[in-house]
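Worksheet: the structure to be examined is printed underneath.
Nothing in this text is a laboratory measurement; each read-out follows from the coordinates by a stated rule. Computed from a prediction, not measured in an experiment: that's the story for all the values here. With ideal geometry, Cβ positions are generated from the backbone for all residues, glycine too; neighbour counts draw on all protein chains shown.
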Amino acid sequence: MASLLLIFIAASVVNNVVLSQFLGLCPFLGVSTDVKTAAGMGGAVVFVITIASAVTGAIYTLILGPNKLDYLNTIVFIVVIAALVQFVEMFLKKNVPALYRSLGVYLPLITTNCAVLGAALNIVQYKYNVLQGVIYGAGVSVGFLIAIVIMAGIREKIQFNDFPEPFRGTASVLVTAGLMAIAFFGFSGMIGR
């Protein structure tokens, strides 16, 4: 039980997928303009990564690994992720149309979000069993949610600040992301991987 908690904490905070591994930057920078939209995107990513971790872990453990088909990992994992994103997209379009519209083009981009594929491939690389893989995937996705919501909150607060011209817009967002990455780097002494 303690090792599962360590896997979750390491994946969500210490080795944060966005701020430590620099995966999933496109939605992180693009959708983090307001907290509500960022939380919706983070929730969609939590669902996709957690379920994808379970499905891809089971596929690898039961089919690809025993049959020495490791070279198919990437393509099989992308197909699984694409199917899950389609499910999320249909669900949001039907049940939460306002969130669906606010996420716009970034929702289908979860399919190509390298954080989702990175989590699935890391599970294989770290040789996690299916339960450990699901915990790792949940940790990765919660780490993404934490990062995108914090970024959105900061962007909402600094939106109307008077910055010098070179630091307005994208520059202020990148500086903020860099400072967040430095802050999260402070957790690296807690748990190593």
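Assessment of the stretch 95-107 against the conditions (touching a residue at least 40 places away in the same chain (Cβ under 8 Å), assigned to a loop (DSSP other than H, G, I, E, B) and surrounded by 14 or more Cβ atoms within 10 Å (Cβ to Cβ)) yields at least one matching residue. The set of residues from the stretch 169-178 being loosely packed, with under 12 Cβ neighbours inside 10 Å and more than 18 Å from the chain's Cα centre (by Cα) comprises 169, 170.
Quick check on my filter: what residues within the stretch 11-30 are buried (at least 24 other Cβ atoms within 10 Å of the Cβ), within 15 Å of residue 176 (Cα to Cα) and not β-branched (Val, Ile, Thr)? Listed by number, the residues that qualify are 19, 28.
Which residue is farthest from residue 180 (Cα to Cα), if the candidates are limited to the stretch 36-47 and must be surrounded by fewer than 21 Cβ atoms within 10 Å (Cβ to Cβ) and of a type in the set (A, V, I, L, M, F, W, C)? Selected residue: 47. Filtering 147, 120, 152, 115 for residues that are touching an Asp or Glu at 6+ places or on another chain (Cβ under 8 Å), crowded, with 21+ Cβ neighbours inside 10 Å and either among the aromatic types (Phe, Trp, Tyr) or assigned to a helix (DSSP H, G or I) (or both) leaves a single hit, 152.
May I ask you to verify whether residue 81 is under 16 Å from the mean Cα position of the chain (by Cα) and assigned to a helix (DSSP H, G or I)? Yes: the conditions hold for residue 81.
Residue-by-condition table, conditions (1) touching a strand residue (DSSP E or B) at 6+ places or on another chain (Cβ under 6 Å); (2) among the aliphatic types (A, V, I, L, M); (3) free of Cβ contacts under 8 Å to residues at least 40 places away in the same chain; (4) not in a loop (DSSP other than H, G, I, E, B):
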site	(1), (2), (3), (4)
16	no, no, no, no
21	no, no, no, no
36	no, no, no, yes
39	no, yes, no, yes
46	no, yes, no, yes
54	no, yes, no, yes
66	no, no, yes, no
71	no, no, yes, yes
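The listed residues are 91, 163, 185, and the only one of them that is part of a loop (DSSP other than H, G, I, E, B) and exposed (fewer than 15 other Cβ atoms within 10 Å of the Cβ) turns out to be 163. The residue that is surrounded by the fewest Cβ atoms within 10 Å (Cβ to Cβ), among those in the stretch 67-88 that are over 19 Å from residue 17 (Cα atoms) and polar (S, T, N, Q), is 67. Looking at residue 128, is it hydroxyl-bearing (Ser, Thr, Tyr) and within 14 Å of residue 58 (Cα to Cα)? Yes, satisfied.
For residues that are small (Gly, Ala, Ser) and on the phi > 0 side of the Ramachandran plot, tally how many sit in the stretch 101-136.
Looking only at that region, the number is 1.
Exactly one residue among 61, 33, 56 is β-branched (Val, Ile, Thr) and crowded, with 21+ Cβ neighbours inside 10 Å, and that residue is 56.
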